Amino acid sequence: MASHGTKRKLNEPNGTSVNCTQIKMKTENTIVEQATEIMALVKKKVQAMKNADETKTELQNYIEEAISRMNKNSRTKKTIGILGESGQGKSSLLNAILEKQYLLPSGCYGACTAVITQIEANLIDTNYKAEIELISKEEWESHLEILLGALSTDSEEMNDSFIEDAKEKITALYGVNAEKKSFEELKNDDKFAEITKDFFSSNAAEFAKKLRRYTQYNQSNPGGWYWPLVKSVTVKIPNCHELLEHIVLVDLPGTGDYNKIRNDLWKSKLRDCSSVWILSDISRATTKKDTWEMLKYCTKDMMEAGECRDIHFICTKSDNIEPVEYMSDLEDEMTEDEDLKLKCILHRNKTAKETVLKTFQNSKIKKEMDLKVFTVSSKAFFDQSLRLNQDETEIPMLQGVLKNINKRINQEMARGCVTEAKAVMSLIQSKRMAKTEVHKVLERSLENALEKLGCHFDMLCSLLSQTLSNGVEQSKMSCRDSVEEQISPVLPQGNRGFHKILHALCKNDGHYRSKAWKQTFNLNECLSSHMYEDFDHGFNLIFSVNAKTGISMHELIDAFSIVTCGAVLSASSMPNYVEDFIKAQEDKLKKTLKGIIVDRKKNIYTSIQKTIKSAMASSYNEAAQYRGEGSLIRKQQKLLNDIEALKLSMFEDAKNEVLRQSKELMGEIKQSLKQDLNKSIQHSFATQQITLFDVSSEIKELERLSVRLSD
């Protein structure tokens, strides 16, 4: 749980105050610069080499590759997703964290809240920059036809929420009464031509005014609001290295937009998040079910299909309280004085944290995630008259979270640079000697290690196959009943209005979120649910990102090594430069492979539902064509009949696709280890008698830098 605290600072000789994180970052940057300088000097020495053309070319290529990797590491980014419904204070929170009160527009309701906004640091200059990603003109015209169809007088399939959103999108973009125009009229009004995709300004207020055109909508002044055409907006903020140098904040609006393009983008961005912040108004955080439903809805995309490691539950608007009303609900009495409001705020903050944590402890996602709770007041952060000090607003704590992430990435980056440089020096030292028995031992060790890893991978595939087979059999038996419950619900009010939902569901490939019913209908998820029941446990054991399961692919990669504590070289009188070089190569390769595993696990996990969705595609399309009297029953029967016909092959295909992708990934990992480490072994000895310069002093300097990083 987050607790109150103060920023720890050190005094410099001139009397100014410097944050510890800033000092640490300066140290790491200095280490990177020193490692880079060593690389540059050695590069010049290699270029000056004579009578060693083959070795010279090889070393030059290796140094260039190492420098390229060092530069790539400096651009490492972590994504943090910000989730919350409209009106929960997301924009205000982000403005407070950035200490720019009116930079990001707030108070936008309706369909335009579907625009995804990314916030990054501008590391180039002091301008505020925006980069706009649009849907294609063809995609918009296709969507526009659907919107106009929903507004036609004879349309009975679309519900009121869809119609309201359709009108809002059309009038926002084209102006008043535009919803009454024909498709051809609107199509000829080319809004794409007038959009500026990239713009910047050194003035925050001027920039914010331009930005609103792409993220908001003023109903009193319709026309020229571009958000219906926008997929995402990337905002780059100057002078915030300490907060966002290696972080991307993604404002992920609540689900429910009817544009499939945005829906897919929303899921894709969520799956890239290493951390997620859930926002809820503190007055409703402990009672409002929607927040927890949204979290439950997102869990699989965050974890199994993503890489999320922790959740921050942020209760917003903590200053919004009426002391007398709040006290009337308390059993404990508070003394009425000038600090009464502050006492009530702090009391409610404490209670909210305890309640949220208790709710989380009783939830099914507890075992999967770590949770921290914050109670923030963005308003009080800027307005001191509200009597909350800076720490009590808890904005500095969230800034501290970002600074710590940046600090860790900077540390990793500095270590990576030193490791790259040491690998180059070790390679040069090892090349001063011809091939020895040591290299033959390394080659045999690689063969043995790969064979052992292959056995582990075979075991993992067997585990996946077993859990999937159970799911296939259960799905065949239960799929029809499960789907029938969703497409033929027994409701107190009867089926009135449900034909609109079912039609929208079929039009949208089996997925639809009804704002009116506050419910998500997903036939693909329903059909795949039994496949995931047993599969989830096995999948989490194998593809866990941070938990120790004993058999995860990350742990197997970490354990893989062809050099163990100097044992390979113990019989040799040669210095351990070969060992150091091979270890450095292994570490780099392991980091790359673990990143590949994280990316590919997303596709593997979602392949079950994608396979089922693909199998059902023609059924959805045909059912959507049924119109008129009795169309509801015909749609339902069509879907049920096709599911019955497809169930013998559909679930087996889903199982086989998971196994195919998993085996392909494991095969690529083995092949990469074999090729790259074999290449490294060959690199580590000279093929001809040559004389290379000594870099032992450079190695000692890099080891000294490593010690500084450890300290």
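Figures for the structure shown
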{"item": "Unique residue being within 30 Å of D339 (Cβ to Cβ), among the basic types (K, R) and at pLDDT 90 or above when the list is K288, K317, K236", "result": "K317"}
{"item": "Residue check for D281: modelled with pLDDT under 90 and not hydroxyl-bearing (S, T, Y)", "result": "no"}
{"item": "Residue match in the range 633-641 (condition: of a type in the set (V, I, T) and within 21 Å of R480 (Cβ to Cβ))", "result": "yes"}
{"item": "Enumeration of residues in the range 31-69 that are outside any helix (DSSP H, G or I) and in contact (Cβ under 8 Å) with a residue 40 or more places away in the chain", "result": "M49, N51, A52"}
{"item": "Failed item, numbered, when R634 is tested on (1) surrounded by fewer than 15 Cβ atoms within 10 Å (Cβ to Cβ); (2) free of Cβ contacts under 8 Å to residues at least 24 places away in the same chain; (3) within 30 Å of V472 (Cα to Cα)", "result": "(1)"}
{"item": "Residue satisfying all of: in the range 637-661; crowded, with 20+ Cβ neighbours inside 10 Å and of a type in the set (A, V, I, L, M); nearest to the chain's Cα centre (by Cα) among these", "result": "V658"}
{"item": "Only one of C479, C461, C417 that is more than 30 Å from I551 (Cα to Cα), in contact with a Lys or Arg (Cβ under 7 Å, 6 or more places away or on another chain) and in a helix (DSSP H, G or I)", "result": "C479"}
{"item": "Residues satisfying the stated conditions in the range 538-554, i.e. under 22 Å from the mean Cα position of the chain (by Cα) and open to solvent by 10 Å² or more (accessible area, probe 1.4 Å)", "result": "N540, L541, S544, V545, N546, A547, K548, H554"}
{"item": "Of all residues making up the range 555-582, the number that are modelled with pLDDT under 90, open to solvent by 30 Å² or more (accessible area, probe 1.4 Å) and part of a helix (DSSP H, G or I)", "result": "2"}
{"item": "Which listed residue, of I643, I699, is under 30 Å from T27 (Cβ atoms) and part of a helix (DSSP H, G or I)", "result": "I699"}
{"item": "Residue within the range 492-503 that is in contact with a helix residue (DSSP H, G or I) (Cβ under 6 Å, 6 or more places away or on another chain), farther than 20 Å from L646 by Cα, open to solvent by 50 Å² or more (accessible area, probe 1.4 Å) and modelled with pLDDT of 80 or more present", "result": "yes"}
{"item": "Flag for A617 being surrounded by fewer than 16 Cβ atoms within 10 Å (Cβ to Cβ), of a type outside the set (D, E, K, R), touching an Asp or Glu at 6+ places or on another chain (Cβ under 7 Å) and in a helix (DSSP H, G or I)", "result": "yes"}
{"item": "Any hit, the range 160-180, residues being modelled with pLDDT of 90 or more, assigned to a loop (DSSP other than H, G, I, E, B) and either open to solvent by less than 30 Å² (accessible area, probe 1.4 Å) or farther than 19 Å from W227 by Cβ (or both)", "result": "yes"}
{"item": "Identity of the residue in the range 130-156, part of a loop (DSSP other than H, G, I, E, B) and modelled with pLDDT of 85 or more, that ends up farthest from K209 (Cα to Cα)", "result": "S136"}
{"item": "Complete set of residues in the range 392-421 that are farther than 30 Å from R708 by Cβ and either of a type in the set (S, T, N, Q) or open to solvent by 40 Å² or more (accessible area, probe 1.4 Å) (or both)", "result": "T393"}
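Okay, residues lined up against (1) open to solvent by less than 50 Å² (accessible area, probe 1.4 Å); (2) closer than 21 Å to N410 by Cα:
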site	(1), (2)
K44	no, no
A48	no, no
T57	no, no
A66	yes, yes
N71	no, yes
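Results for (1) of a type in the set (A, V, I, L, M, F, W, C); (2) out of contact with any His (no Cβ under 8 Å at 6 or more places or on another chain); (3) at pLDDT 95 or above, shown as yes or no for each residue.
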position	(1), (2), (3)
P396	no, yes, yes
E420	no, yes, no
I428	yes, yes, no
T436	no, yes, no
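The values are calculated or read from the model by the stated rules, or taken from the named source; none is laboratory data. Just so it is clear, the model here is predicted, and its values are computed rather than measured. Glycine also receives a Cβ, built like all others from the backbone with ideal geometry; neighbour counts cover every protein chain displayed. All accessible areas refer to the heavy atoms of the entire protein, side chains included, with ligands and DNA or RNA removed. Shrake-Rupley method; radii C 1.70, N 1.55, O 1.52, S 1.80 Å.
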